[in-house]
Amino acid sequence: MKKQHIGWIAGTTAAVLVAAGAITYAVAEDGGTAASTPSADSADAGFARDMAVHHQQAVEMSYIVRDRTKNEDVRRLAYDIAQTQANQRGMLLGWLDLWDLPKVSADPPMTWMGMGGMASGKDGALMPGMATNTQLKKLGTLSGKQAEVFYLQLMTAHHKGGIHMAEGCVAKCTVGVEKRLAQGMVDAQQSEIELMADMLKERGASS
């Protein structure tokens with residue numbers, strides 16, 4: 001594992017978190033007026049709701065693996081992912097509050113992308129890339145290298161699903177700061193996918 005690569009990811013994470021504070025305040029100007037507040041069925045609201053759920057699972061998986069391995073590279077990556085996505089999740093839910101919109105919807109996930117039937121929701125996998133409840137339970141039973149490999153594989157798939165959703169927001173959302181956050185998610189998660197591919201290769205596994 002290249003230590004400078006891990007350090008770069010950690011530094012990028014810190015920069016994202018600092019920028020997040022500015023974005024949270026900026027959204028009041030960019031999307032908080034009566035004339036520009038998104039509707040409940042808008043892409044802006046749909047993305048905020050769905051990505052908050054998607055992020056919550058990434059946080060859960062990351063804390064599970066931190067308890068299942070002593071490898072510092074994996075633990076550091078998991079911590080960075082958990083902290084970044086928990087912060088972003090708070091922002092997304094905060095925007096829904098700001099817009100006075102519900103945090104849940106009767107519509108299937110990803111309806112705002114025109115893809116409401118894409119995920120079956122079976123066994124807890126509500127959106128593409130999300131792990132099933134069975135997979136989460138399995139992760140909690142593994143340890144050491146086995147836990148590391150399974151986590152990296154699950155998180156790679158999770159990031160790919162997240163990137164697809166974030167790209168949908170970049171294309172369809174109307175609130176500028178939310179579009180910029182979504183693009184930031186695409187860039188950061190793509191970098192993490194590349195890092196996880198290297199980590200899997202080091203462990204003799206594939207994504």
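The values are calculated or read from the model by the stated rules, or taken from the named source; none is laboratory data. Please read all numbers here as calculations on a predicted model, not as lab measurements. Cβ atoms come from the backbone with ideal geometry, glycine included; neighbour counts cover every protein chain shown. The accessibility values were calculated without ligands, DNA or RNA, using every heavy atom of the protein model including side chains. Shrake-Rupley method; radii C 1.70, N 1.55, O 1.52, S 1.80 Å.
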Testing Phe47 on (1) open to solvent by 50 Å² or more (accessible area, probe 1.4 Å); (2) part of a helix (DSSP H, G or I), one condition comes back false. Which one is that?
(1)
Any residue at all in region 157-164 that is on the phi > 0 side of the Ramachandran plot and either in contact with a helix residue (DSSP H, G or I) (Cβ under 8 Å, 6 or more places away or on another chain) or open to solvent by less than 20 Å² (accessible area, probe 1.4 Å) (or both)?
no
Name the single residue that is nearest to Gly140 (Cα to Cα) among those in region 57-76 being in contact with a Ser or Thr (Cβ under 8 Å, 6 or more places away or on another chain) and in contact (Cβ under 8 Å) with a residue 12 or more places away in the chain.
Arg68
What are the residues in region 90-103 that are over 24 Å from Tyr151 (Cβ atoms), assigned to a helix (DSSP H, G or I) and not charged (D, E, K, R), if any?
Met91, Leu93, Gly94, Trp95, Leu96, Leu98
Output the qualifying pairs, or none if there are none: Cβ atoms under 7 angstrom, residues six or more apart or on different chains, first residue in region 79-91 and without any contact (Cβ under 8 Å) to a residue 40 or more places away in the chain, second residue not small (Gly, Ala, Ser).
Tyr79/Arg66; Ala82/Val59; Ala82/Tyr63; Gln85/His55; Gln85/Val59; Ala86/Val59; Arg89/His55; Arg89/Gln56
Would you point out which residue out of Leu96, Leu136, Leu152 is open to solvent by less than 40 Å² (accessible area, probe 1.4 Å), at pLDDT 95 or above and closer than 17 Å to Ala197 by Cα?
Leu152
Go through the residues of region 60-69 one by one and say whether even a single one is polar (S, T, N, Q) and assigned to a helix (DSSP H, G or I).
yes
Can you tell me which of (1) over 14 Å from the mean Cα position of the chain (by Cα); (2) modelled with pLDDT under 95; (3) buried (at least 17 other Cβ atoms within 10 Å of the Cβ) is the one Ser120 doesn't meet?
(3)
Test Met127 against the criterion of being in contact with a Pro (Cβ under 6 Å, 6 or more places away or on another chain), in contact (Cβ under 8 Å) with a residue 40 or more places away in the chain, closer than 16 Å to Glu60 by Cβ and open to solvent by less than 30 Å² (accessible area, probe 1.4 Å), and give yes or no.
yes
On the basis of being open to solvent by 20 Å² or more (accessible area, probe 1.4 Å), of a type in the set (Gly, Ala, Ser) and modelled with pLDDT of 95 or more, does Gly144 make the cut?
yes
Sort through Ala86, Ala78 and tell me the only one that's crowded, with 20+ Cβ neighbours inside 10 Å and modelled with pLDDT of 95 or more.
Ala78
